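Colleague: Dropping the structure in here first, questions after.
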There are 2 protein chains.
Amino acid sequence: MENNSNHICLCPLEGIINIIAKKWAILIISIIGHHGKIRFNDIMQRLDGISPKTLADVLKNLQKENLIHRESFSEIPPRVEYSLTDDGKQLCEAVRPLIQWAEKRDSVDKHRCKGSCHDENVAPKRGTQQKNELIT
Amino acid sequence: MENNSNHICLCPLEGIINIIAKKWAILIISIIGHHGKIRFNDIMQRLDGISPKTLADVLKNLQKENLIHRESFSEIPPRVEYSLTDDGKQLCEAVRPLIQWAEKRDSVDKHRCKGSCHDENVAPKRGTQQKNELIT
DNA sequence: CTGTATCCCCAGAGATACTG
DNA sequence: CAGTATCTCTGGGGATACAG
């Protein structure tokens, strides 16, 4: 894994790709970062097409990496809220330029996501707390 | 809150993940971006462990996405130089924070690539410009 | 040197059903 | 609601050999 050359160290990247090179990881990080707190099913709805198993899988992986925080309430019905850890927030920040690049690239190409994903029902606005950090 | 300033549309990300979620794509983009021009075997050596098939595969994918430019010289022996397109450069820029995040995270976590490639800790060796900075 | 051509293999992603 | 439990199955990635 280590290249003995003196030029460039990609080792940290090798660590990172195990996180971000997961198909849904960045999406999920971004979604959670965008919402502050979000529940399992909310994530699943937003990621139209993901299966609970896959979502749980990625979620657990991200927890293991200390990127997201899982807070479960012992209620009926059960409620679990996912939020970003400090590390996760930093990752979310770091990923933002990427999203902007993708947006720009997408818009010049073909703007394939008009309407359908922009009218998502974000911000449940429960109570007074609706401040989403990470969202400038 | 999904207003102009802070709305994040994940749809473009769905397009992007097909690019960056490839195991080696970001690595290769970074490497090419770091070197300006680089040859097939040079990339392969830096990505210790990658097989020519995989590299060629990612490379072709990247070409298809107009992220890298392939310039082949009809020489003996043949020479091919890869460089970033304008889009690729932008991607490289967008990926930079990610790398920095990864570096930071790696260093606090567990120095998994100590010695061979993190030599900047050991004997800075004069104030001359070292080349092992990934992105400065 | 720069790739193709194969073959293999398993991790990851999907679907579905089920449980606490 | 929030996941697990299985099963499948594709395709990405690795290894090796070979070609232009």
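The values are calculated or read from the model by the stated rules, or taken from the named source; none is laboratory data. These figures come from a predicted structure and were not determined experimentally. Glycine also receives a Cβ, built like all others from the backbone with ideal geometry; neighbour counts cover every protein chain displayed.
Colleague: Taking the residues in the stretch A:82-108 that are hydroxyl-bearing (Ser, Thr, Tyr) and not in a helix (DSSP H, G or I) as candidates, determine which candidate is surrounded by the most Cβ atoms within 10 Å (Cβ to Cβ). I'd like the intermediate steps shown before the answer.
Modeller: Pass one, the stretch A:82-108, residues hydroxyl-bearing (Ser, Thr, Tyr): A:82-83, A:85, A:107.
Imposing the further condition that a residue be not in a helix (DSSP H, G or I) reduces the set to A:82-83, A:85.
Numbers: A:Tyr82: 24, A:Ser83: 17, A:Thr85: 16.
Applying the filter and picking the extreme gives A:Tyr82.
Colleague: Residue under question is A:Ser74, and the condition is that it be over 28 Å from B:Lys23 (Cβ atoms) and among the polar types (S, T, N, Q); does it hold?
Modeller: For A:Ser74, the condition - over 28 Å from B:Lys23 (Cβ atoms) and among the polar types (S, T, N, Q) - is met.
Colleague: Looking only at residues that are part of a helix (DSSP H, G or I) and under 17 Å from A:Ile16 (Cβ atoms) in the stretch B:46-59, which one is nearest to the other protein chains (Cβ to nearest Cβ)? So that I can check it myself, show each step before the final result.
Modeller: Step one: list which residues in the stretch B:46-59 are part of a helix (DSSP H, G or I), which gives B:46, B:52-59.
Still in the running and under 17 Å from A:Ile16 (Cβ atoms): B:46, B:58.
Values: B:Arg46: 5, B:Val58: 12 Å.
Of everything passing the filter in the stretch B:46-59, B:Arg46 is nearest to the other protein chains (Cβ to nearest Cβ).
Colleague: Anything in the stretch A:16-25 that is part of a loop (DSSP other than H, G, I, E, B) and either among the polar types (S, T, N, Q) or more than 12 Å from DNA strand D (Cβ to nearest atom) (or both)? List them, or say none.
Modeller: Result: A:Trp24, single match.
Colleague: Of the residues in the stretch A:67-85, how many are in contact with a helix residue (DSSP H, G or I) (Cβ under 6 Å, 6 or more places away or on another chain) and either within 6 Å of DNA strand D (Cβ to nearest atom) or not hydroxyl-bearing (Ser, Thr, Tyr) (or both)? Outline the logic, then answer.
Modeller: First, pick out the residues of the stretch A:67-85 that are in contact with a helix residue (DSSP H, G or I) (Cβ under 6 Å, 6 or more places away or on another chain): A:67-68, A:70, A:80, A:82, A:84.
With either within 6 Å of DNA strand D (Cβ to nearest atom) or not hydroxyl-bearing (Ser, Thr, Tyr) (or both) added as a condition, the list becomes A:67-68, A:70, A:80, A:84.
The total comes to 5.
Colleague: Quick one: A:Asn4 ticks every box in (1) over 26 Å from B:Pro97 (Cβ atoms); (2) of a type outside the set (Asp, Glu); (3) at pLDDT below 85; (4) within 15 Å of DNA strand C (Cβ to nearest atom) bar one, so which box is it?
Modeller: The one condition A:Asn4 does not meet is (4).
Colleague: Scan the stretch B:60-105 residue by residue and report those that are within 14 Å of chain A (Cβ to nearest Cβ), among the polar types (S, T, N, Q) and touching a residue at least 24 places away in the same chain (Cβ under 8 Å).
Modeller: Of everything in the stretch B:60-105, those that are within 14 Å of chain A (Cβ to nearest Cβ), among the polar types (S, T, N, Q) and touching a residue at least 24 places away in the same chain (Cβ under 8 Å) turn out to be B:Asn61, B:Gln100.
Colleague: Of these, B:Ile28, B:Ile32, B:Ile43, which one is within 14 Å of chain A (Cβ to nearest Cβ), more than 14 Å from DNA strand D (Cβ to nearest atom), among the hydrophobic types (A, V, I, L, M, F, W, C) and part of a helix (DSSP H, G or I)?
Modeller: Within the list B:Ile28, B:Ile32, B:Ile43, the selection yields B:Ile32.
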